[in-house]
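Each remark here refers to the structure printed beneath this line.
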Amino acid sequence: MRLLVTGGAGYIGSVVAAQLIAAGHDVTVLDNLSTGHADAVPPGATLVVGDLRGKAAEVLAGGIDAVLHFAARSLVGESVANPALYWDNNLGGSLALLEAMRATQVRSIVFSSTASTYGEPESVPIDEGAPTRPTSPYGASKLAVDTALAEYARLFGFGAISLRYFNVAGAHRMAGASGEAETWLGERHTVETHLVPNILRIASENSGSVSIFGDDYPTADGSCVRDYLHVTDLAAAHLLAIDACRSGQHTIYNLGSGTGYSNFEVLGACREVTGLEIPAKVVGRRAGDPAVLIASSERIGRDLGWKPECGLRDMVADAWACGYR
Ligand code: UDP
C-alpha cells in the first residue's frame with residue numbers, strides 16, 4: 001500500500017515507518033521536524049518536511065491509500081502551561097488532515113491516541129469502555145481527535161482506528177544491508193520527561209541522580225505503577241490496524257501489556273541491565289500522576305490477534321543498546 005505517516009521522524013512514527021517498509025509498503029513521511037529528526041526517517045521512506053495544514057493535501061493528492069497519524073505535541077506539562085498550542089496543533093492539525101483526506105477520498109486512518117484520554121481511572125485494568133476524563137490539555141486534545149474520527153467515520157465513511165498507548169519504552173533494531181552495521185531507532189526527545197530514558201541517561205553520564213516522583217502512593221512500594229510496552233510491539237499493532245480499517249467504523253484499542261511495574265521496579269531493571277548503581281532520590285509527587293495505570297488490551301488481542309512479545313528487561317536492554325552509553 002501507499003501510506004502516509006505523519007510524524008514519521010519521531011520516536012514511535014519512525015519505528016512504525018521502518019516496519020511498514022520492511023513489510024513492503026510504500027511510505028511517505030510528513031513531518032515538520034519541530035521535535036522529530038530527519039535522520040530517524042528510515043531508509044526507503046520519502047520525507048516531506050512541512051505542516052499538516054500546509055502539506056497534507058498535496059501529499060495525499062499524489063496518491064495515498066491510507067494514513068498513520070502520529071504528528072502531535074506530546075508533553076503533558078507543556079500542555080498545561082500552553083493549552084492553546086495543544087488544541088491548535090493536535091486538534092487543528094488533525095482536522096486539516098481529515099479535511100484533506102476527505103477532499104482526496106483517502107478514508108483509512110490509524111491514529112496515535114493515548115491512555116491520557118482516560119485520566120484518573122476508577123479501576124484497573126482500564127478497558128476501552130472506561131470513562132474518558134482527561135486531566136491535561138494533551139489528553140483532552142487527543143480525545144477530541146478520537147471524537148472527530150468517530151464523526152468522520154459516521155458522516156463520510158472513514159475507516160478509523162484509534163490506538164491508545166500506555167507507556168512505551170525500548171528501541172527498534174533495523175538490520176543493516178549486507179556488510180553494514182545494524183542501526184537503532186530510539187527515543188531522542190530534546191525535553192525528556194520519560195522515566196526509562198531519564199534513568200539511562202543518568203547511568204550513561206555517570207553523574208546526577210534519578211528523581212523518583214513520590215513514594216507515598218497506595219501501591220506495594222509507594223511509587224507509581226505503569227504498564228510498559230516495547231516500541232517494536234507497539235508498532236506491530238499499527239500494521240495490523242491498517243489492514244483492519246473498515247468504512248463507516250471507528251474503533252478504539254488500548255495498547256499495553258496488562259502488567260504493571262512500579263517506578264522502583266523500573267529503576268531496578270535499569271540497574272540490572274546496565275550493571276551500574278544509578279543513584280536515585282525520592283522527591284515530591286509530579287502533579288497529575290495517577291497511582292496506577294494498567295491497560296486491558298483484550299479487545300485488540302481478540303479482534304486483531306495482537307499480543308506483545310517483549311518484557312521490561314528487553315525494553316531497557318534495547319534502549320541501553322540504542323545509545324545511552
Ligand atoms: N517518573 C519519575 N522520574 C522521572 C520521570 C518519570 O519518577 O524522571 C515517574 C512518573 O512520575 C510516573 C512514571 O515515572 O509515575 C512514568 O512517567 P513517564 O513520564 O515515563 O510516563 P507517563 O506515565 O507520565 O506517561
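The values are calculated or read from the model by the stated rules, or taken from the named source; none is laboratory data. All values reported here derive from a predicted model rather than from experimental measurement. Cβ atoms come from the backbone with ideal geometry, glycine included; neighbour counts cover every protein chain shown.
Observations on the model:
- Candidate set: the range 258-313, residues that are part of a helix (DSSP H, G or I) and among the small types (G, A, S); chosen: the one farthest from the ligand (Cβ to nearest atom): G301
- Taking the conditions (1) without any contact (Cβ under 8 Å) to a residue 40 or more places away in the chain; (2) part of a strand (DSSP E or B) in turn, Y253 satisfies each one other than (1).
- When V15, V5, V29, V48 are checked against the criterion of being in contact with a strand residue (DSSP E or B) (Cβ under 6 Å, 6 or more places away or on another chain) and either of a type in the set (G, A, S) or assigned to a helix (DSSP H, G or I) (or both), a single residue qualifies: V15.
- Within the range 173-192, at least one residue is among the charged types (D, E, K, R), modelled with pLDDT under 95, within 13 Å of the ligand (Cβ to nearest atom) and exposed (fewer than 15 other Cβ atoms within 10 Å of the Cβ).
- Single residue of the range 139-170 satisfying the filter (hydroxyl-bearing (S, T, Y) and over 18 Å from L255 (Cα atoms)) that is farthest from the ligand (Cβ to nearest atom): Y152
- Any hit, the range 294-310, residues being touching a Gly at 6+ places or on another chain (Cβ under 9 Å), aliphatic (A, V, I, L, M) and either free of Cβ contacts under 8 Å to residues at least 24 places away in the same chain or closer than 21 Å to T114 by Cα (or both): yes
- Cross-chain or 6+ apart pairs with Cβ under 6 Å, the range 56-81 first and surrounded by fewer than 24 Cβ atoms within 10 Å (Cβ to Cβ), then among the small types (G, A, S): A57/A100; L60/A100; A66/S108; V76/S136; V80/S136
- Meets criteria (under 21 Å from G8 (Cα atoms), of a type in the set (A, V, I, L, M) and crowded, with 18+ Cβ neighbours inside 10 Å) for L234: yes
- Among the residues listed as D216, D243, D221, the single one being more than 11 Å from the ligand (Cβ to nearest atom), of a type outside the set (A, V, I, L, M, F, W, C), in a helix (DSSP H, G or I) and surrounded by fewer than 16 Cβ atoms within 10 Å (Cβ to Cβ): D243
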